[in-house]
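To start, the structure itself, in structure tokens.
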Amino acid sequence: MDIIQRNNIHVVGNQDALQTLVFSHGFGIDQTSFSKIIPAFEKDYQVVLFDNVGGGKADMKAFSPKRYESINGYATDVADIIQALDLKNVTFIGHSVSGIIGMLTSIHYPGMIERLILLGSSPRYLNDSRDGYTGGFDNYALTSLFEAMEGNYHAWASGFSKLAMRNEDRPELAAAFASSLQAIRPDVAIQVARSIFYMDHRKDLAKVTIPTLVIQTANDIAVPAQVSEYLEANIPDCRRTKVQTEGHFPHISAPQEVIAAIQSFL
Amino acid sequence: MPPYSHSCDYLIFSIVYTVSTWDRKALNFINQTSRWDKDKHISSFLAFSISLVKNLTEANVALQLELEDEATAKVKCASPVHLNDIVMNPEPIRKLLYAQGFKTIYWREIPPGKENVFKEVLPAFSSAVIIPINTTPNNSLLILGWSEPQAFDPEFLECIETMRLRLKEILLQSQQHLYFQRIAIRFSAILHTIPHALVFINNDGFSGWVNQEGATLLELSGPGEQLPAILSEAMTQLRNKALNAADIYKEAVLLFSSPENSISNWIWQMEHKTLQVSCLPVTSPQISGRLWIFE
């Protein structure tokens, strides 16, 4: 399997730089979602962008329902990419589920990633009444979500994109997200969404051994504020910063704030 | 008795003791897994067996690695459990297995760098044993790892090979159970979704089955397995409630004496609805009975 083709990998920025930034997109979008962020780092860093299998321009033939039954398959993909490109001094910036994917890669492959940035990430989306954990969704909400996805995926994508993007004064952002979601094969989108929304990686947080930055979103349908606080409290070497924009995609809606947050950590 | 004689006795005792230790462990494994097979639920059989191998060999890690497809090798039944669900690339693993002729691989020292294709699960171990267990459709491996270097003497190797044979049986049994469980779930969901009432009566006289619609029509406690006697009684009551019960009875006599042994478009006129009934023989090498369909 050609990893470059599988993940539609692009290496940009300063190829002679000592540090590498690997950007990994979240569910329903692709590497172009970082387009407003990348220019700020191109001079001083080698920058690696890729599409997760099932999304963007990744090779659809590589989608294995078994490999991607859980996000562990994506964590192995990240390790494949870092090994294939022989990347050193890697800071991994993962948006949404990709933050947790990068976290798992750092745990399963010690030494491969040096620093971790979690942008709007969550270790578990489902509330857990046993220990008072707030993930943002109860069982009913998730059941309804998947019923809607399975019933009429395109209509669901249109509705969900508005709720997730917020920024109602710029409807083109939600429209672009809806279009990106609708481009994914519905059965693939539903399987991947299921593996994301029902995952639980809270026990893995304590195993993180590298410095971590949590970038907290606001008024985020997928990740309530408590989740970012939970990450900060449970990842050993972790600090948290907030960005002053609404919605689940601050790197799209407020790129300058995200750039500043990343620069403060590097 | 000369002094050397004591040393000699001790040596013999030690050898016998060592040999019997690994023999005993192999027997212990077979005995305990056989008892589990009889008494406990099969869903945890493989996990129990792998955990038992870990305890008996005093390994620090034990897990099953299933080669699920061309892109997926998945960790299962791991001890410690946090290794479960790790996904590995199967290609380098397959190459190693082919290179070793699918024989058990004994690594007294775990090879460095890329030669260690199991680095995700054996990151800082000294010795390891990789036991291929060939089954269809998916091949599996059992991986054992030790923090301290291991000698792997011939008696240990013999014990591992004995355990390997038993593990293959256990794995096959577990895979078949999962396979049949998946089939049962799928067909049960399909049959319960069909809008017609379905009633199957097995000719063995001991088993029958109804879907949800069938259970509702016959006023049974629930769908699924039912004794044929209960089904027959419920169907008799349904027939007796029909407005054309006498016609139904006459048709039934014809049905059971006809060579076709089947009927369709049979009208059962109930008080508030008309049932269109089919009764078909079900015959296969494994099962024979009669399927009733009420539309």
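A compact table of results
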item	result
Calculated diffusion of chain B, Stokes-Einstein form, Kirkwood radius summed over Cα pairs, 10 °C and 1.306 mPa s, µm²/s	66
Share antiparallel - DSSP beta bridges, the protein assembly as shown, percent rounded to 5	70
Signed unit charges on C-beta, dipole axis of region B:90-186, positive-most listed residue B:Q176, B:P92, B:T104	B:Q176
Kirkwood-type radius of region B:64-185, with distances r between different C-alpha atoms, in Å	15.2
Per DSSP, loop chymotrypsin sites (Phe, Trp or Tyr not before Pro) in region B:185-226 with at most 14 further Cβ within 10 Å	B:F206
Occluded residues from region B:120-143, i.e. those whose accessible area drops by 40 Å² or more once the chain is not alone (1.4 Å probe)	B:E120
Distribution of pairwise C-alpha distances over region A:124-240, 5 Å bins, in %	2, 10, 17, 20, 19, 16, 11, 5, 0
For region A:186-266, accessible area per residue (1.4 Å probe, heavy atoms of protein chains only), Å²	40
Occluded residues from region B:30-75, i.e. those whose accessible area drops by 50 Å² or more once the chain is not alone (1.4 Å probe)	none
Of all accessible heavy-atom area on the protein assembly as shown, the percent that carbon and sulfur account for (1.4 Å)	55
Solvent-accessible area per residue, Å², over region B:62-217 with all protein chains present [probe radius 1.4 Å]	49
Rh by Kirkwood over Cα pairs, then Stokes-Einstein D for region B:37-95 at 0.692 mPa s and 37 °C, µm²/s	264
Only Lys, Arg (+1) and Asp, Glu (-1) charged, at Cβ; the protein assembly as shown dipole about Cα centre in debye	260
Listed residues A:T143, A:T20, A:T245, most fluctuating in chain A (Gaussian network, C-alpha, under 10 Å)	A:T143
From the C-alpha gyration tensor of the protein assembly as shown, square roots of 5λ in Å	50, 42, 19
DSSP H segments from chain A that extend 24 Å or more along their own axis, Cα-based, with Kyte-Doolittle mean of -1.0 or above	none
Within-13-Å neighbourhood charge of B:W292 [Cβ basis; K, R +1; D, E -1]	0
Point-charge dipole on Cβ atoms (K/R +1, D/E -1) for region A:1-147, about Cα centre, debye to 20	20
Cα-based convex hull volume of chain A per residue, rounded to whole Å³	113
Violating pairs (Cα-Cα greater than 25 angstrom) within the set A:K57/B:K114; A:K66/B:K54; A:K66/A:K162; B:K74/B:K114; A:K88/A:K207; A:K36/A:K203	A:K57/B:K114; A:K66/B:K54; A:K66/A:K162; A:K36/A:K203
Those residues of region B:79-101 for which accessible area with every protein chain present is at least 50 Å² below the isolated value (1.4 Å probe)	B:V87, B:N89
Ratio of the Cα radius of gyration of region B:148-295 to 2.2 N^0.38 Å, where N counts its residues	1.64
Using a Förster distance of 22 Å, the FRET efficiency for A:L163-A:K242 (Cβ separation, nearest 0.05)	0.60
Candidates B:L142, B:L178, B:L231, ranked by Gaussian network fluctuation over chain B, Cα under 10 Å, top entry	B:L231
Accessible surface buried once B binds A (1.4 Å probe; total of both sides; Å²)	1100
Student exercise, region B:162-295 dipole from Lys, Arg, Asp, Glu Cβ charges, in Debye to nearest 20	640
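The values are calculated or read from the model by the stated rules, or taken from the named source; none is laboratory data. On a predicted model such as this, the values are computed, not experimentally measured, just so you know. Counting neighbours? That spans all protein chains shown, and the Cβs are built from the backbone with ideal geometry, glycine included. Only protein heavy atoms, including side chains, enter the accessible area calculation; ligands, DNA and RNA are left aside. Shrake-Rupley method; radii C 1.70, N 1.55, O 1.52, S 1.80 Å.
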